[in-house]
Amino acid sequence: MAANITSAIAAYANAGKIAAPGAAGAPSSGGAGFADLLKEAAGDVTQALRQGEAASLQAVTGKADLAKVTEAVNNADVALQAVIAVRDRVIQAYQDISKMPI
């Protein structure tokens, strides 16, 4: 799944490079671009999923506090649900754009 997110981010970054400088939708030189924000968010989600997995493994071996395991797994679940919601919105936006007359 991480490869799909990375591929989508790279595709968006390349699409931003195609736009003419100064055009609406071209990345501005000041501040972080949309692709950078997506990369950061994907990194945060990956980190949350890894923490949840590590906490689960510690729980299986009996080395973790149940409250911390529950918190880590819930954080991972919320992060994954957010990614799924964003993915669904991007797909819906793509389908809406593809249905527009030329």
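The values are calculated or read from the model by the stated rules, or taken from the named source; none is laboratory data. Owing to the predicted nature of the structure, the values given are computational and were not obtained by experimental measurement. Heads up, the Cβs are rebuilt from the backbone with ideal geometry, glycines too, and the neighbour counts pull from every protein chain shown.
Quick one: count up the residues across the stretch 59-102 that are assigned to a helix (DSSP H, G or I), at pLDDT 90 or above and more than 22 Å from the chain's Cα centre (by Cα).
Total satisfying the criteria: 1.
Here's a check for you: in the stretch 64-94, which residue that is loosely packed, with under 14 Cβ neighbours inside 10 Å and among the basic types (K, R) is nearest to A48 (Cα to Cα)?
The selected residue is K68.
Find all pairs meeting these conditions: Cβ atoms under 7 angstrom apart; at least six residues apart or on different chains; first residue within the stretch 30-54 and of a type in the set (G, A, S); second residue surrounded by 13 or more Cβ atoms within 10 Å (Cβ to Cβ) and outside any helix (DSSP H, G or I).
Pairs found: G33/P27.
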